[in-house]
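The values are calculated or read from the model by the stated rules, or taken from the named source; none is laboratory data. None of these values were measured; they are calculated from a predicted model. Reconstructed Cβ throughout: ideal geometry from the backbone, glycine too, with neighbour counts over all protein chains shown. Only protein heavy atoms, including side chains, enter the accessible area calculation; ligands, DNA and RNA are left aside. Shrake-Rupley method; radii C 1.70, N 1.55, O 1.52, S 1.80 Å.
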Amino acid sequence: MLKPKTRWKVSNPETGEAERLAGEIGTSTLVAQLLLNRNIRTAEKARRFLNISEESFRDPNLMKGMAEAVDRIKAAVRNHERILVFGDYDADGVSSTAVMVTVLKEIGAFVDYYIPNRFTEGYGPNIPALQKAKENGFSLVVTVDTGIAALEEADAAKEMGLDLIVTDHHQPAPVLPDAFSIINPHQKGCLYPFKDLCGAGVALKVAHALLGREPEHLLDFVVLGTIADLVPLVEENRLLATQGLKALERSDKPGIQALLKVAGIDGRKLSAEDVGFALGPRLNAAGRLDSAEPAVQLLLAEEADEAEKLAKNIDRINRERKALVKDITAEAVDEIEKNYPPEENSVFILAREGWNPGVIGIVASRLINLYSRPVIVMGMDPENGLAKGSARSIEGFDIFENLSECRDLMEAFGGHPMAAGMTVKIENVEDLRARLNEQARQTLSDEDFIPVNQIDLTCKVDDISLELIEELQRLEPFGTANPKPKVLIEDTPVGNMKQIGSDRNHLKFVFKSDAGQLDGIGFQFGHLFDEIASTSMVSAVGELQINEWNGFRKPQLMLEDIAVNHWQLYDCRNGRNLQQRFASLPEDKLLFLAFRRETLEKGEVGEWAHPLICLEEDQIDPIQFEDRYLVLLDLPHDRGHLESLFAERCMPARIYAVFHHQDEHFFTGVPSRAQFKWFYAFLLKRKSFDLKRYSQSLAEAKGWSRETLQFMVDVFSELAFIKVEDEVAFVQENPKKRDLTDSDVYRDRQKQADLENDLCYSSYSSLKQYFGRLDSDLQTLEGAVN
């Protein structure tokens, strides 16, 4: 048995519905099932989803506040007023700013932009920045990706004589800012049919309304915010992402070209992953460590040389961000292991002076992946006595709701069920840790600490083909609300399994079926090579892709998790590297068992085999085999001893068969009846035989071993056919007629030879069948009892 590292949640198949939908839209049943999983249930919706490029963008004038905003902006252009675009310091805010600045310049506006500093100003519009804008001659401020919560700031702007247009996508509170105009699809009374645009998407709508046409030339900016901000990639966002990725590939903007180049993804087909993992983090990096202005400058750069310098600087900042995240994560892990062990803490709250508030959210996410526990990481500022933190949570623990129960300990907080931010007085951190841990202990079970893996499809190897994977690619781009499909292959034999990589830390294998096979590769799964027995039936979760190499194309599974759902047998009978092999396994699972005391006395097993039980000395009734890795170090005295051991307990998760033994009865053999007959006749003829002087010569003459000859002497002696005195054998007169099988010595030798044959010298498959019969007998017994 090999347990998966995640909890597998498989979407319930709707076979009939999938077949119906597949027939209507002309796809495979598996693709239709994926569409159903995404709540796309009609043929019309499915066709629109699959053929998204044929769709059109929605009318921006459906947005509440758009007409007033457009009129005011155009009036500002006509009157030569100065317009300030007030953005945000993340990738969405940066790309939103680039969209708005570009379109305002296109229509002839005098425009500049302002991005607040995360560390000195915090999130959103602030009164000092607005005052400075007024002093510098700005009369109109347009926010992008921010402003919907700026109540006091809007009032202050009004008093200053600044007109404020808010464009935002975050959820509004019941009370809205008193602004000249608010454009937010979530606000009450807004008729715009799609609500989940990002900040850059809302800015694009304003650009569309200002230009009176679809601003396709701005899609390369918008796709950055759409994907980086993790908005649902459905409906209009899906169209923005699809068209935007194409626009990124062909963009002639110097800043975009330079950004693609430093990320190493220029000149090729781009995916949502390229934006999410290569471009977005670089745009975010500047604002995480200092000012986000270099990121805006890069996107708006007009000269290639300038863009190249800015891109290299952004890349350098991103490397610094990575190093900082790595260092803080290492410090946090050390803190956990020393002071807050996972077995004693359901929630981790880690706070330290010097931890950068711009990256602690990333660190919290890393710790979630490592420990699968709710995490709050805080940077403490002793000058003001405050700790600012970012929280990340797991399924089953609503971090916002639980923080709400501790609001008396916090100066400010906000968020949603899976993530939150907060400010806490340093003196309250310990109380917050204690209360959240108590709440978690009352809420979470052990299972909740195992991360969930949502699986879309259950497939057989024969279902998977190049054609299927190409069909799945029609669902791209993948992202939030349209994740890359994960498939489950259940209880399938594997072959050609091997460790690859310079450190042998990756696993390569082949799934087998009657009709074909499927390659699989698991990065960082090499350590499982010795934990999957050769005949095991494996279940695996992963993503399907096409492996193209040397002109050949074939399907491949990229492994994410793996399991063996039955007991496994590992053949360790060669006795090589046993200590090293068992040292790599979890000690709490291992159970070493010896049937004979001499196994411990003659070897070094006792130095490393723990916990160790010797059946000649210990009583093991309290110890169960369930979920244990049972190591059978030596041979039992008889078959019944082993079989009764299993009959009284459930099967272990794994059996490691070592079966070390000193004497090899199978190879020395049990003498035949003809050999016994000849030797007895020999003794009858001589009446007595000096074993000490002549047994070696007799054995050599007959081609026997000395041990074989001694064995026959012991059998005859036990049956009272002979009597041995001072190593001389004397034939007894008129002995009672008895069969060889009446001798305990003979029967024990025969049993041991058979036992060695079955357990030590049999093939792996024969040994597996033997333990399989024990498992079958155990299940039959359990069925009868139940």
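ASN402: net charge of surrounding residues, Cβ under 15 Å, Lys/Arg +1, Asp/Glu -1, itself excluded?
My count for the surroundings of ASN402 gives -2.
Quick one: work out the % antiparallel among DSSP beta bridges in the chain, nearest 5.
Approximately 55 percent, going by the DSSP bridge assignments.
Subtract the Cα-Cα distance of LYS188 and ASN39 from 0.36 nm times their separation in residues, and report this length gain in nm to one decimal.
So the chain would gain 51.1 nm between LYS188 and ASN39.
Which GluC sites (Glu not before Pro) in the stretch 517-623 sit in a loop by DSSP (not H, G, I, E or B) and have at most 10 other Cβ atoms within 10 Å of their own Cβ?
Answer by residue number: GLU587, GLU604, GLU617.
Would you kindly state how much longer the chain becomes between THR741 and ASP571 on full extension, computed as 0.36 nm times their sequence separation minus their alpha carbon distance, in nm to one decimal?
Net length gain for the segment: 57.9 nm.
With a point put 7 Å past each Cα toward its Cβ, work out how far ASP530 is from GLU331 in nm, to one decimal.
Each label point is offset 7 Å from its Cα along the Cβ direction, giving 3.7 nm.
Label-point separation (nm) for ASN313 and LYS261, each offset 7 Å from Cα along Cα-to-Cβ?
Taking the simple label geometry, ASN313 and LYS261 are separated by 1.7 nm.
Nothing charged except the Cβ atoms of Lys and Arg (+1) and of Asp and Glu (-1): what's the magnitude of the dipole of the chain about its Cα centre? Round to the nearest 20 debye.
Value, rounded to 20: 1980 debye.
Pick the calculated Rg/Rh (Cα atoms, Kirkwood Rh) for this structure from (i) 1.16; (ii) 1.00; (iii) 0.97?
The value computed from this structure is option (i).
At 1.4 Å probe size, what's the solvent-accessible area of LYS64? Round to the nearest 10 Å².
Counting only protein heavy atoms, LYS64 exposes about 90 Å² to solvent.
Between GLU55 and ARG693, how many nm apart are label points set 7 Å from Cα along the C-beta direction?
10.7 nm
Could you state the accessible area per residue of the chain in Å², with a 1.4 Å probe and every protein chain left in place?
In whole numbers, the chain has 48 Å² accessible per residue.
Would you compute, from DSSP H runs of 4+ residues alone, the mean residue ellipticity of the chain at 222 nm, taking -39500 (n - 2.57) per run and dividing by the full residue count, rounded to the nearest 500?
-12500 deg cm²/dmol, from helical runs alone.
With every protein chain left in place, what is the accessible area of LYS498 in Å² (1.4 Å probe, nearest 10)?
Accessible area of LYS498: about 110 Å².
Where the centroid of each part is defined by its Cα atoms, how far is the stretch 301-349 from the stretch 132-189 in Å?
The two parts, judged by their Cα centres, are 33 Å apart.
Over the stretch 448-503, with every protein chain in place, what whole percent of the accessible area is carbon and sulfur at 1.4 Å, could you tell me?
46 percent
Suppose the chain between LYS9 and GLU106 were pulled fully straight at 0.36 nm per residue; how much longer would it get relative to their current alpha carbon spacing?
Value of the extension gain: 29.9 nm.
Along the Cα-to-Cβ line of GLU344, 7 Å from the Cα, sits a label point; which residues in the stretch 428-450 have backbone N less than 17 Å from it?
Inside the label zone: 430-431, 433-438, 441.
If you average the C-alpha positions of the stretch 689-707 and of the stretch 221-258 separately, how far apart do those two centres end up, in angstrom?
With the stretch 689-707 and the stretch 221-258 each reduced to a Cα centre, they are spaced 91 Å.
For the stretch 478-537 and the stretch 31-86, compute the distance between their C-alpha centroids and round to whole Å.
A separation of 42 Å, based on Cα centres.
Run the 1.4 Å probe and let me know the accessible area of ILE52, rounded to the nearest 10 Å².
20 Å²
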